[in-house]
Amino acid sequence: MERITLRIVDGADRGSVFTEFQPPITIGREEGNSIQLNDERVSRFHVKIQKDHDDLVLTDLASTNGTKVNGEESQLRILRHGDMISVGRSLLVFGSRTEINERLKRMGQAPPPEELESNDDSGDWEYMISQTDAQLRLLDMEPPRLPSRLSPGQAAQLSELLEFVHLQLRRLLTSVESHSRAAKVELDVNQWHQLVDLQARLAEYLRGIAIPEE
């Protein structure tokens, strides 16, 4: 079974390393969590990480202050090695250095030589923090894959949702004014509000998936 490594790079527990955890695990302020954080802004039981087929899925447990993955609010998220998880004032990196380096190599992004030679539990935590911007770009370089094992009805719903977004974006892209000399494009107020409305709809969809009972 896949083991989980989490390293705390900022917060009261900075420098702590948690290895060899088997999912599911929980992270929170209270005793009884797999990882207990000394952080008053972390909820009693803040997040859960569990296995689902080949994926490790992070779920925010209706925490008071929310959870961010790579700087974005996340209620439900597939984790990948190198992801940065922010809960309260604590920042955790998911995966060992070896696991993160292997992912970077698969993506054609060679890690620094000193990282390849370093012991996985030793190290410069400030270096990990300095890599946050690079980690935020990982999703651009490695886009999420489409879900598998969908029923015909679920596949049809997903197709309809993606087609809706595709058509909305196509309509906006074909209606904007291009200024080649100025190397820019312009949106009028109505187009801008359509784009904002589309973002709002996507936010509602994301929340509906993460919290289906609402």
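Please treat every number below as a calculation from the coordinates, not as lab data. The shown structure was predicted, so the numbers you read here are calculated from the model rather than taken from an experiment. As a convention, Cβ positions derive from the backbone with ideal geometry for all residues, glycine included, and neighbour counts pool all protein chains shown.
Quick look at the values:
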item	result
P(r) of region 1-56 over all Cα-Cα pairs, binned every 5 Å from zero, in whole percent	4, 19, 26, 27, 15, 6, 2
J(HN,Hα) series, region 195-201, from Karplus relation 6.51 cos²θ - 1.76 cosθ + 1.60, nearest Hz, glycine and proline x	5, 5, 5, 5, 4, 5, 4
Amide H within-cut-off set for L61, under 5 Å, with H built and near neighbours excluded	V47, K48
Cα gyration tensor shape of region 12-92, rounded if a/c is under 1.5, else prolate or oblate by comparing a/b with b/c	rounded
Net length gained if the chain between R145 and N190 were fully extended (0.36 nm per residue, minus Cα distance)	12.9 nm
Phi to ³J(HN,Hα) by Karplus 6.51 cos²θ - 1.76 cosθ + 1.60 over region 20-29, Hz, x for Gly, Pro	6, 7, 9, x, x, 10, 10, 10, x, 8
Efficiency of FRET from Cβ geometry, E73 and L167, R₀ 25 Å, rounded to 0.05	0.40
Peptides ranked, highest mean first, by Cβ atoms within 10 Å: ranges 99-105, 30-36	99-105, 30-36
